[in-house]
1. Would you mind checking the radius of gyration and Dmax of segment 1-131 based on alpha-carbon positions, in Å?
2. Any idea of the accessible area per residue across segment 151-213, 1.4 Å probe, to the nearest Å²?
3. Pick out, in residue order, every one of the GluC sites (Glu not before Pro) in segment 142-229 that is DSSP loop and has at most 14 other C-beta atoms within 10 Å; say none if there are none.
4. Starting from the Cα-Cα distance between Ile35 and Leu8, subtract it from 0.36 nm times their residue separation and give me the gain in nm to one decimal.
5. Direction-averaged shadow area of the convex hull around the Cα atoms of segment 84-183, nm²?
6. Treat each spin label as a single point 7 Å out from the Cα along the C-beta direction, and report the Asp97 to Leu111 distance in nm.
7. Against the longest principal axis of the chain, how steep is helix 47-58, in degrees 0 to 90 to the nearest 10, with axes from Cα atoms?
8. For the chain, what is the charge dipole size about the Cα centre, in debye to the nearest 20, if Lys and Arg each add +1 at the Cβ and Asp and Glu each add -1 at the Cβ?
Amino acid sequence: MIYLHKFLPFFLSPIGVIWLFLVLTVFFKRKVLTIAALIALTSFSLPVISNKLMLLVESGYDLLEPSEIENSDAIVVLSGMLRPVLSQSGLKYEWTDASDRFFAGVALSKLRKAPVLIFTRGKLPWTIGEGEGEYLRSLAIDFGVDKESILLTKIVQNTEDEALAIAELIGVEGKKIILVSSAFHLTRASQNFLEVGFEIQTFPVDFRRSSDLGTLLDFIPNAEALKMSSLAIREMLGRFYYHLKYQF
């Protein structure tokens, strides 16, 4: 199932749409399809477009200080911030763009905003190494978090799995959690955790939208903008999927 979750959105992603237009061009040899592929590639690669899309998926969230959060029953830090790297000395880990999730969880824990800090053991079938939470637990202890307060879920593959695993770990009835994740991801994550039955406070981090003053560079296509557009649209597709799933 996880392969379908990763594969199917491709066909509605910017790259998927461009690829489809190009494939159709080969079969039908219509210039209009080539032009459509070029327009799609250019549009999704413009920083001015990708930033608008990211603003849309991050809307409703602002950067908070840990002190602004009310006390809860658990701090939940969602996976997705580590990259395993093979080296001559063995397997190591590097941070991805979402590393703010870990540091926010540690900060909230050290302010005693909840008695437990939960890391999820995110691990996809093709990922080498241990579940992400294993490494994060040892790192959190190094940062001064009491090891007795840290809990790990079982192995999980996506956000819905994380919500179900945490419900299994600490129960749901009457439980209020602080949900820590990237701002663009929090709306979908909230859907999953609310559906399970948790009361949640969101703690958004890892904002991707730009606050820089606009320049002519925003109208020059680049690969980073295409990546951001793809991320935003994938998130929209995920929200739509879970909306339909929970409605029916």
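1. Using the Cα atoms of segment 1-131, the pair Rg, Dmax is 21.0, 64 Å.
2. Values: 2600 Å² over 63 residues.
Accessible area per residue, segment 151-213: 41 Å².
3. Details: sites: Glu148, Glu160, Glu162, Glu168, Glu173, Glu195, Glu199, Glu224; in loops: Glu173.
Those satisfying the criteria are Glu173.
4. Values: separation 27, 0.36 × 27 = 9.72 nm, distance 2.48 nm.
Using 0.36 nm per residue and subtracting the Cα-Cα distance, I get 7.2 nm.
5. Working: hull surface 28.4 nm².
Seen from a random direction, the Cα hull of segment 84-183 projects 7.1 nm² on average.
6. Result for the modelled spin labels: 2.5 nm.
7. The angle comes out at about 40 degrees.
8. Numbers: 25 positive and 27 negative charges, 214 e Å.
That gives a dipole near 1020 debye.
The values are calculated or read from the model by the stated rules, or taken from the named source; none is laboratory data. This one's a predicted model, so the numbers in the text were calculated from it and none came from an experiment. All Cβ positions, glycine included, derive from the backbone under ideal geometry; neighbour counts span all protein chains shown. Protein only, heavy atoms only, side chains kept; ligands, DNA and RNA dropped before computing areas. Shrake-Rupley method; radii C 1.70, N 1.55, O 1.52, S 1.80 Å.
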